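Q: Structure incoming, see below.
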Amino acid sequence: MPENTSEIFLRHFFRLLTSVLCRVDTSEIDKVPARGPWILVTNHVNVLEIPVLYTRLRPRPISGFFAAYRLESVWMRWLLYAFGGIPVRRGEPDRAALRQAVERIRAGAIFAVAPEGTRNPAGKLQVGKAGVVLLAQQGDAPIQPIVHYGDAHWQSHIRRLRRVPFNIAVGRPFRITKQQQRITGQMREKITDEIMLQMASLLPEAYRGHYANREASMKFIQYV
């Protein structure tokens, strides 16, 4: 997925802008491989995370979902497509978006997905959605957690002319283990919980939300 002129300009612009606004800890970014097929699962807190993570992960061939309603804005439509995003309809199975994501993964992309499906401005993990399991199964790709914290109150920092602390933690990659029986909806929920617990284990206790005080299980996943 080579960069075009617009994307190169946007990448440099947003990297500079976020470097001014944020104090970004990138010490663990090198744990993410240079290319896919690969799936990154991340928490969803605010609008800063997209330009911060995207610009620090490039030039890796990275893509991800964005809410389809963003297409109503001409500016956002141009920006998100320039970043290689795939629009997805919320609240319903979007097989077309899933198919596009799987195609990119199989072609060697790194695909970022937020299993929570919606932002939590407080920065605490919400219940994960099982769509990430389908993506991993159909894309036949390892999953790696990459989380961030410290940026939940970013607007308050900026108003006070303070740089926003943006801490990034990257976990060990893993695969969903092959099952002898057909994976049911209930099993997908359990696998999703295991994925979310891998993310939670990288966060300070205060940000683990729904997954606080729970130990990570390895019944359905295996480190690679």
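Q: Where the accessible area of the chain is counted over protein heavy atoms with a 1.4 Å probe, how much of it, in %, is carbon and sulfur?
A: 53 percent
Q: Please report the net charge: other residues with Cβ closer than 15 Å to the Cβ of C22, K and R +1, D and E -1.
A: +4
Q: Please report the relative contact order for the chain, taking Cα pairs under 8 Å with a sequence separation of at least 6, and give it as a percent rounded to a whole number.
A: The value is 25 percent.
Q: Dipole of region 1-117, Cα-centred, from +1 at each Lys and Arg C-beta and -1 at each Asp and Glu C-beta, to the nearest 20 debye?
A: It comes to approximately 200 debye.
Q: With +1 on the Cβ of every Lys and Arg and -1 on the Cβ of every Asp and Glu, and nothing else charged, how large is the dipole of the chain about its Cα centre, in debye rounded to the nearest 20?
A: The dipole magnitude comes to about 100 debye.
Q: Name the lysines eligible as straight-distance cross-link partners of K124: C-alpha to C-alpha under 28 Å, and not fewer than 8 places from it in the same chain.
A: K31, K190, K219
Q: So how do 115-126, 25-36 stack up, highest first, on mean other-Cβ count within 10 Å?
A: Most protected by this proxy first, the peptides run 115-126, 25-36.
Q: Next question. Counting alpha carbon pairs within less than 8 Å and at least 6 residues apart, what relative contact order, in whole percent, applies to region 70-187?
A: Dividing the mean separation by the residue count of region 70-187 yields 18 percent.
Q: Need one number: % antiparallel among DSSP beta bridges in the chain, to the nearest 5.
A: Roughly 30 percent of the beta bridges in the chain run antiparallel, per DSSP.
Q: Which one, W38, H157, I146, is farthest towards the positive end of the dipole of region 13-157 when Lys and Arg carry +1 and Asp and Glu -1 on their Cβ?
A: W38
Q: Using the Cβ atoms and a cut-off under 11 Å, what net charge is assigned to the surroundings of A67, where Lys and Arg are +1 and Asp and Glu are -1?
A: Around A67, the surrounding residues sum to +2.
Q: Shifting gears a bit: Compute the length gained on full extension between I29 and Q181: take 0.36 nm times their separation in residues and subtract their Cα-Cα distance, giving the result in nm to one decimal.
A: Separation in residues times 0.36 nm, less the Cα-Cα distance, equals 51.1 nm.
Q: In deg cm²/dmol and to the nearest 500, what is the mean residue ellipticity at 222 nm of the chain if only DSSP H runs of at least 4 residues count, each as -39500 (n - 2.57), divided by the residue total?
A: Theoretical 222 nm ellipticity from helices: -10500 deg cm²/dmol.
Q: Counting only heavy atoms of protein chains, what accessible area per residue, in Å², does the chain have with a probe of 1.4 Å?
A: Value for the chain: 52 Å² per residue.
Q: Near I158, within a Cβ-to-Cβ distance under 14 Å, what is the net charge of the other residues, with Lys and Arg +1 and Asp and Glu -1?
A: Every neighbour counted, the sum reads +4.
The values are calculated or read from the model by the stated rules, or taken from the named source; none is laboratory data. If you're wondering where the values come from, they're calculated on a predicted model, not measured in any experiment. As a convention, Cβ positions derive from the backbone with ideal geometry for all residues, glycine included, and neighbour counts pool all protein chains shown. Ligands, DNA and RNA are excluded from the accessible area calculation, which covers all protein heavy atoms including side chains. Shrake-Rupley method; radii C 1.70, N 1.55, O 1.52, S 1.80 Å.
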